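Shown next, in C-alpha cells, is the structure this report addresses.
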Amino acid sequence: MEFMMKPMNRIAQRMWDTLSSFTEGWERGFEERRRRTVLAFFLIIGLFLIFPFAFFHLSKGRILRGLILLSLGIIQGATLISFRVVDRVENLCRGNVLLMGAYFLFLLVMGGSHGSRIFWMLLFPLFASFLLGKEEGFFWSALTFILCLVVFSGLASFIGTFPYEREVITRFLLAYG
C-alpha cells in the first residue's frame with residue numbers, strides 16, 4: 001500500500017506546485033491569491049476536459065461545437081499564461097465567467113441527449129460566486145437566469161432551441177433560482 005502512496009503524493013505535490021506558481025510572486029492580498037488559485041484550478045481542470053471534447057466533436061464533423069470548445073480552451077490557456085503578467089485578475093475572472101456563462105447557455109440551447117446539458121447551467125452560480133464574490137456573482141447569475149427564461153419562453157426559438165418539457169423547465173428554474 002505504501003508503494004502506491006509515494007507516486008500519489010508526488011502527483012499531488014506537482015499539482016499543488018503548479019497551482020501555487022499562479023498565486024506566488026509579487027505581494028498580493030488574501031483575496032487576490034484566493035481568486036488566482038480558484039481560477040487556476042477551474043482553468044486547469046477545464047483544459048483537461050475541453051480539448052479532448054473539442055477534438056472529438058471535430059472528428060465527428062460537429063464543426064461548430066468543436067470550434068467553440070477549441071476557442072474556449074485556447075482562451076483558458078491564454079488566461080493561465082497571462083497570470084504571470086497581470087497584477088490583478090479581476091478582469092480575467094470576469095472574462096472567464098462571461099465565457100463560461102455563454103458556453104453553458106449554448107449547452108442549454110442545444111439540449112443534448114434528452115435535454116441533459118441543461119444541468120451544466122447549475123454550476124454557473126457557484127463558478128461566478130467563487131470568482132467574483134457574492135454581489136457580482138449574484139448579478140451575473142441573475143442575468144444568466146433571465147437569459148434562461150428567454151430561451152425557455154420561446155423568444156429564442158429562431159436559433160433552434162431544444163424543446164424542454166414544462167416539468168423540466170419548472171424544476172430547473174426552481175433549482176437555479
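The values are calculated or read from the model by the stated rules, or taken from the named source; none is laboratory data. All values derive from a computational prediction rather than experimental measurement. Positions of Cβ are backbone-derived with ideal geometry, glycine not excepted, and every protein chain shown enters the neighbour counts.
Observations on the structure shown:
- Of the residues contained in region 134-153, none is found to be exposed (fewer than 15 other Cβ atoms within 10 Å of the Cβ), modelled with pLDDT under 90, on the phi > 0 side of the Ramachandran plot and not basic (K, R).
- Per the listing F104, F138, the residue uniquely touching a residue at least 40 places away in the same chain (Cβ under 8 Å), within 27 Å of L174 (Cα to Cα), assigned by TED's automatic domain parsing to the domain that holds F162 and not small (G, A, S) is F104.
For (1) modelled with pLDDT under 90; (2) within 24 Å of Y176 (Cβ to Cβ); (3) part of a helix (DSSP H, G or I); (4) touching an Asp or Glu at 6+ places or on another chain (Cβ under 9 Å), each residue gets a yes or a no:
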{"site": "S20", "(1), (2), (3), (4)": "yes, no, yes, no"}
{"site": "R33", "(1), (2), (3), (4)": "yes, no, yes, yes"}
{"site": "L58", "(1), (2), (3), (4)": "no, no, yes, no"}
{"site": "L70", "(1), (2), (3), (4)": "no, no, yes, no"}
{"site": "R84", "(1), (2), (3), (4)": "yes, no, no, no"}
{"site": "L92", "(1), (2), (3), (4)": "yes, no, yes, no"}
{"site": "L98", "(1), (2), (3), (4)": "no, yes, yes, no"}
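- Failed criterion for F162 (all others in (1) buried (at least 16 other Cβ atoms within 10 Å of the Cβ); (2) in a helix (DSSP H, G or I); (3) of a type outside the set (S, T, Y) hold): (2)
- Condition check for L132: under 18 Å from S116 (Cα atoms), in contact (Cβ under 8 Å) with a residue 12 or more places away in the chain and among the hydrophobic types (A, V, I, L, M, F, W, C): no
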